[in-house]
Every structure is written in structure tokens, then in C-alpha cells.
């Protein structure tokens, strides 16, 4: 039976204080004050569904940069940056998966994350599933407070791994609780009572029952019930309806990260895998033009993620500046200044010719001298041996690195000024002048340990193209380890 | 090593426009201004020019590609005009071209003109250049101050200098240049500043504040060069001759090989060594009389003092604070006010620096005149510390 061999998750570091939002909007929407508790995850300006999926996938795959064991890749999102360009192809290139894999984008409903996982489990071989969502909502809407951004990923294999899949149930029904047109605008919702009573309560239980039936389990045997919903108490109501014990209903993380759309069921599943003891039964379901439900049994084996949901949620920076949230989400027409007027057209030929360098952060290693460099060039940079055509591909993305020099630039255009960048040097050799993200003034100093993250480099608003590259971000785990070492 | 350029070429005349926010002038007007002064200084007729070199860097707001902008502005008699561009060393490149043509015997008299018109962008700072198709996909969206500011973090780390000490030292660099520029009628910025002003100015790119950055100006400068023999035949005496012209260009070592520490300019040290050898200078700290260096940012000037082997490595900041480079110090630097006060019209800067060294060597620098200078050194840096071009030129009294 197929199972989940490894899993990972990602929540952006920024957490928007809901109180900051409701207070800013109290003049126009005093009714939203009741939602002013806790915080929601907030993507940085340079994060989207795709970059977060890459981070979750790296968490699942681990630090080994040989990904040749992956046969197929599924990327799921309803907020993917491209409508006609294989988003999975970009993620795949960032992860340096083999060119020979099959890859697909799975989209179209809030349950597409679980659909992708189900397809991977049914496909045979070793698959990677990555689900990311960066949700858009209008300013002053309830969704703005309810939603969150995040991602989860799973490595699926033929064996049981960390969790064996026991059964899957699906319902497909064109029940339109909300929709979003292909103009990339905002969700339009119908009445909550109708969605809950006629939609979720009627369409989810058949999928859950079917999954349990195939698994040969009764509902009372479920130890972890994962069901995301922005309606409070919705999972408990469903549990009661199908006979799942109330104590099996898992926290939907609404208070600490909000709901990350189609990624949220997978995120709750990843979270449950972190907690589940060997032999425990996990049931995950998600609603969306029907429902998807899957039952797993944890084995206590498999590969645990370095960060996972718990680690991601622990790495947080509270953001109380609601205007920054609006700006990052394109909800404010702001004066970017003349320096932002440059044309950001991407030369597609150059992008393709340098695909592994730009998307995969692949440099070169000289097979004669062992000298490592970025970018890979025909003539090696080694001053003592500028050998010709000796460079073999060398991956930098998973290497530990540190800051050699830096500045915080207030002059150049940046979505999050000052723009931090500097010379990053890698353990094992190589250096790259690159952007440093997720930092504030005072965070960066020479010698700071950093790790690589795949991020939006620039957005070409004129043509609707998003350009990606890698950036450095403080390696907070390494910094904490250094600090505790120093204290000893 | 090649024989070198020492004493083979003399400067016949030089000119320099007023630098500043020249709302009244286009690039052609600026070129004419510098050119007419140089021609008058040289005392020759236009028909005596054999060839010209023209340096300008930013086409979009400058005067365009090719040689025609210079030839048309000056109405040159259909002689050869070569346009050169090498980032911030462009002006020095124009000079190099003219000098080499004379040394080679390809021209008896050659003209070098550099110009840049920066104030037609609509904003302060250098214009955002089109970076090509690959760079913007990987390089940070940085600015010149952000790139050069990185020297400071690496310099502090390497030499164990505190943030406060280094900030005080680079503040002094700017205070000194403003004091000098105040005495120069052709400078853009002519107000002295205090250390407190420099230390408390708004941040541009950490740790560089507003007064750590050079101005943005329009300007042009020109040189006319010939052989010493022709110069003498034209009635010139006490000649200023070219002693050394060196250019060193990054080959990726700094940006791609883990050997460079980020605290200095690899190319500057190479160019300086070669220039001293070419000029026959063995003890630069004692023998060089004065310098104009590429003070695009105060930290650049500070590390340059070490790269040119004037200050011992790691001690430049102490020399700066001790006043060693002040107008009344042992090695006056930026005696005309530097890029700090002249601004940095890219194609013109190298020639503007040589203009001041030439005036000083001829004893024509007025209120700024130093006593009996023998060797004047100029230095330009283009690009960014991790990938740059560096030129070092030395001119001096003939036979010195």
C-alpha cells in the first residue's frame, strides 16, 4: 500500500496581528472587531504559492540535494502565479528534479491539495506533492482576517513510510459556495448558513464514510481528524455527524496562522503526522465542489521534517503594520518613485539558457581542482588553474552560507526598504552577490549564517510575468545553535 | 613589463567646465566649455588636432553613441573620433587613448574630451541603467552606494574597527573634501560641512549617509596632449608629462573565487603597483605629492588610501582621522573638492581629476595651490567593488 514517506510544511515568517487590522478598519467595519484575536500568516512581498511550495518541498525532501529518486511531481494551488505556464515546472526546476519526471498542476477548488495527494498515492513510484496558497482578499473583508498563507508537501512512495494510506473517498458536486473568475480577482461568497448546512454538512460526510469504509475502520477509531474551515466548530459538527470522537478533532490553526486555502488540509495533515503515535489513525478531509477524504495510519517510521508545521509556526515575526500588508498584496496604489520605472521584461531566451543557474541555483565545480563557483563558466575562475570546460554542475541551494559583506540600501527601489543585499560565501566554496530577505535593519552583520530561499525576484507588471531567483535569509536555527554554544 | 609611457607625452592644454546642476546646458554645451578652455590653454588651432577620444557612459541621457556627438559639438575637421566607455574610468580611458596615439606616433596632437549630463533624469543619484538580460535575473536590485557601502562591513570585520570609529573616519573624508571644494569656483558643492552634519545625515545605504556620497552633477573636461618636443616647439616650458597610465579590470576573481575579503579593491592594488613601476616611484607615501582619487563614497576613498599603498593596510582610517590627507596634511587628497564636491558626471571625472593635478603642477591652482608638487596621481574606479575597472594615472614635472 502506498504511503507518505516524508512530509514538510511552510508558513511565512510574518504574522499579521488581527487586532492591528480590526483597529485600522474599526471606523468602517466595527462588526469585524470580534475577529480581532490572534494572528494570520502573511506572505512577504516576495513570496507566493509557488515559492512557499518550494520551501515545504525542501522541508520534506531534506538537505540532500540529490532528488533523482522523484519520479513524478504534483503542484497544487488555486493561487498559482501562471494560468498558462506549468507552475509545477518552475517548482521542479527550483528543486532540481530530473527533467524526465512527469509533472502537473492540480487546481480549481479548495480540495485540490488533497486531490493531488490522492493522485500521487495512486500513481505508483515515488512522487512529490507540494501545495501552496497565497490567498487574496479585499481590504476590510472577513476573509482578510480568516485567510492565511502557507504550504505543505509530501513524498509519496509505494511502501508505508511514515503513514500508510488506508482509504480515500471523494464527492464531486458543483456546489458553488464561492468562486473566483479567471481575472485573478477576489472570491465572491454566498450566505454562510447555506454553505454550512447545505454544502459542508451534506457533501463532506459521504466522502469521509467512503474513505473509512475502504479503510475498514469505524469513525470512532479515528485518532486525528483534520478538517479546515473558517466556520468555528465546523469540524466538531462534522465529527459528531459521522461518529468521530470529539477529542480527535484537531486544532485548525486559525488562531495562529489562519486558513491557507487548498493548502490547509495538507498543512493540518502534516501537523497531525508530527503528533501521531505509531498505529494512530489520521483522517483528513477538505471541502470544495464536493469533498476529498483520506485515511492514514501512522507508522512511527519515515523521515521527519526539520521544520514542519511546528517549526514553521515557531519561526515568527509579528507584523502590526496593516498598511504593509495591504501594500504587499497590491491593495494600495502607492508612489514607488522614479527608480521603480525601469522595465522588468524578462528575456525568455536568457532565462531558458540559464535555467538551472537561475531557478535551481546550480553553479559549477571544476573536476580538476575541485574549485566551486557561481555561475558555471567555460573557463574556471581559479587563478592558479583557469581550466577550460572542466566545470560540472554543482548545487548551492542546500549549502550553508554566511555574509561576507552587506548593505541596507535606502536609495534603490524596494518593496520592503531598505533593500538588504551582500556577498554570500558558501561552505565548501563559492560566493554569490544576492538579496537578503526576511530581515529588518540591524538583523544583518558580517559572518551571519544564512540559508537559501527561493523567492520572487521581480514582478513585470506590464506583462504579468513573475521572475524568480534565490535569496539569502538568516539561518535562525544555526544562529540559535551558535548562541547556545556561546552560552555554554 | 613593457617600456611604459613615462615622459613620452606632455599635456599641452586642459579645460574643465563648471560642474553642477547645469540646467542651462546640454552635453554639447558642456563639451564646448571644456574644449574652448583647453584649446586656449594649448594655444593651437583646431586644424592641428589629429585625432580625438570621447568618453561618455550613459547614452540615454548623455550625448549618444559613436564619435559624432563630439565632432558635431566641436565642429572638428573630420578627424578620427573614438568613443570610449569603461564605467567610471571612462574619462581616464579617453586620456589613455589620446596619450597612446601620440606615443605611438599615430598623432602629433590628440584631444580627449569627457562629458556626462546626469541632471536630466528627473531624480537624484545615478540613473537606473539597463542591466542587460541576465544580470537582472540574479543580481540584487542595488544602487551604487549600496554596492560600495559593503566595503565598510568587510573592512570592519577584517581589521576589527568599530562601527563608530569607521563612521567617524569616513565622515572626516567628506569634511575634508568639502573644506577643499569650498575654495574651488568650478566645484558643484561649495559649502564646508561639519563632522556632526556628516555623522547625523539621513542614511542612503548603511553605513553611508547623505554626506558619504558624492554629488550628482553635469560636467565636462578636456585634455590636449602631444610629444614633449612638439610642446617645446610650440613655445611651452616647464612641461607636465605623463608618468604612468595603468588600468586593471576584474576577471571574476572577486565575485566568484573565495580569495577576496571584500574590504579592498583587488584591481586597485594591481594598477597601483604597475603605475609606480612605470613612473619609477618606489616610496609612494613620500614621493607622491598629491592625489585625486575616486571618492564616489567616503568609504571608497578610505580603502583606496591603502590600496594605493599610501597608508599601511588597516591603518588608513587612522591616517584620515590624523589629517594626513587634509589640504595642510602630508598628502593632500581631493584638493579640488573631489567627486564629493564636483559630483560624478561619469565620462568627465577622470579628466577633471587630471585637470586639477595639471593646474597644481603648473602652479595655477589659485587659492588651493600646494607648494612645489612634483607628482600628481589620479585614480578611478568603475563598476562595483566585486566587479570593477580601476585606472591609476600619474603625471608630473618633466624629468622628475
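Quick note: the coordinates plus some simple rules give every number you see, no bench work behind them. Because the structure is predicted, anything quoted here is derived from the model rather than measured. Positions of Cβ are generated from backbone atoms using ideal geometry, with glycine treated the same way; all protein chains shown enter the neighbour counts.
When you have a sec, figure out the Kirkwood radius of region B:110-184 from all distinct Cα pair distances and drop it here in Å to one decimal?
Values: mean 1/r = 0.0614 Å⁻¹.
By the Kirkwood definition, the hydrodynamic radius is 16.3 Å.
Using Cα atoms only, what is the angle between the long axis of helix B:298-307 and the major principal axis of chain B, expressed in degrees (0 to 90) to the nearest 10?
Value to nearest ten degrees: 80.
How big is the gap, in Å, between the Cα center of region B:147-197 and the Cα center of region B:218-272?
Here the two parts' Cα centres lie 24 Å apart.
Tell me the relative contact order for chain A as a rounded percent, counting alpha carbon contacts under 8 Å between residues six or more apart.
In percent, rounded to a whole number, it is 17.
Distance between Cα centroids, region A:430-462 to region A:1-75: provide it in whole Å.
Each part's Cα centre sits 19 Å from the other's.
Compute the distance from the alpha-carbon center of region A:272-307 to that of region B:315-355, in whole Å.
About 68 Å separates the Cα centre of region A:272-307 from the one of region B:315-355.
Show me the ranking of peptides B:280-287, B:351-358, A:205-212 by mean Cβ neighbours inside 10 Å, starting with the highest.
Final packing ranking: B:351-358, A:205-212, B:280-287.
Using the C-alpha gyration tensor of region A:400-443, what are the square roots of 5 times its eigenvalues, in whole angstrom, with the largest one first? Mind showing how you got there, number by number?
On the way: eigenvalues 91, 19, 13 Å².
The answer is 21, 10, 8 Å, longest axis first.
Using just the Cα positions, wrap region B:140-179 in a convex hull and report its mean projected area in square nanometres, one decimal place.
3.4 nm²
Can you pull the one-decimal nm distance between simple spin-label points at residue A:218 and residue B:120, each 7 Å off the Cα toward Cβ?
The modelled label-to-label distance comes out at 8.7 nm.
Starting from the alpha-carbon convex hull of region A:362-484, give the projected area averaged over all orientations, in nm².
If I average the Cα hull's projected area over directions, I get 9.3 nm².
Above 23 angstrom, tally the Cα pairs of region A:139-272 and express them as a % of all pairs, no decimals.
39 percent
Averaged across A:338-350, how many Cβ atoms of other chains sit within 10 Å of each residue's Cβ atom?
Neighbouring Cβ atoms belonging to other protein chains average 4 per residue here.
At a Förster radius of 41 Å, what calculated FRET efficiency corresponds to the Cβ-Cβ distance of residue A:402 and residue A:98, to the nearest 0.05?
Between residue A:402 and residue A:98 the formula returns 0.85.
If you project the alpha carbons of region B:244-400 onto the principal axes, what extent comes out on each, in Å, largest first?
Here the Cα extents, ordered largest to smallest, are 47, 32, 32 Å.
Would you calculate, for chain A, the mean residue ellipticity at 222 nm contributed by helices, counting each DSSP H stretch of 4 or more residues as -39,500 (n - 2.57) and dividing by all residues, to the nearest 500?
Helix contribution divided over all residues of chain A: -7000 deg cm²/dmol.
Express in % the proportion of alpha carbon pairs of chain A at distances exceeding 45 Å.
The proportion of pairs with Cα distances above 45 Å equals 12 percent.
What number, rounded to the nearest 500 deg cm²/dmol, is the helix-based mean residue ellipticity at 222 nm of chain B, given -39500 (n - 2.57) per DSSP H run of at least four residues and division by all its residues?
Numbers: 15 runs with 146 residues, N = 400.
Mean residue ellipticity, 222 nm, calculated: -10500 deg cm²/dmol.
Taking the Cα atoms of the protein assembly as shown, what is the range of coordinates along each of the three principal axes, in descending order and whole Å?
Extents along the principal axes: 110, 64, 58 Å.
Helix B:266-279 sits at what angle to the longest principal axis of chain B, using alpha carbons and giving 0 to 90 degrees rounded to 10?
Once rounded, one gets 40 degrees.
Give me the Å³ per residue figure for the convex hull around the C-alpha atoms of region A:280-392.
It comes to 315 Å³ per residue, whole-number rounded.
Per the Debye formula with a single identical scatterer at each Cα and no solvent contribution, what log10 I(q)/I(0) holds for chain B at q = 0.09, 0.10, 0.12 Å⁻¹?
Those come out to -0.47, -0.58, -0.86, one per q.
Express in nm, to one decimal, how much length is gained between residue A:379 and residue A:31 on full extension, taking 0.36 nm for each residue of separation and deducting their alpha carbon distance. Don't skip to the end; give the middle numbers.
Values: separation 348, 0.36 × 348 = 125.28 nm, distance 6.56 nm.
Result: 118.7 nm gained on full extension.
Measuring from label point to label point, each 7 Å out along Cα→Cβ, what is the residue A:245 to residue B:229 span in nm?
According to this spin-label approximation, the distance is 10.7 nm.
Taking a spot 7 Å from the Cα of residue A:278 along the direction of its beta carbon, which residues of region A:152-168 have an amide N less than 18 Å from it?
A:159-165
Note the per residue figure in Å³ for the convex hull of the C-alpha positions in region B:330-389.
Numbers: hull volume 6.1 nm³, N = 60.
So the per-residue hull volume is 101 Å³.
Using only the Cα atoms of region B:130-242, what are the Rg and Dmax in Å?
Looking at region B:130-242, its Cα Rg and Dmax stand at 20.4, 57 Å.
Normalise the Debye intensity by I(0) for region A:111-218, one equal point scatterer per Cα, no solvent, then take log10 at q = 0.10, 0.17, 0.22, 0.23 Å⁻¹ and round to two decimals.
These q points yield log10 I(q)/I(0) values of -0.41, -1.05, -1.27, -1.30.
Starting from the Cα of residue A:66, step 7 Å toward the Cβ, then list every residue of region A:337-375 with an amide N under 15 Å from that point.
none
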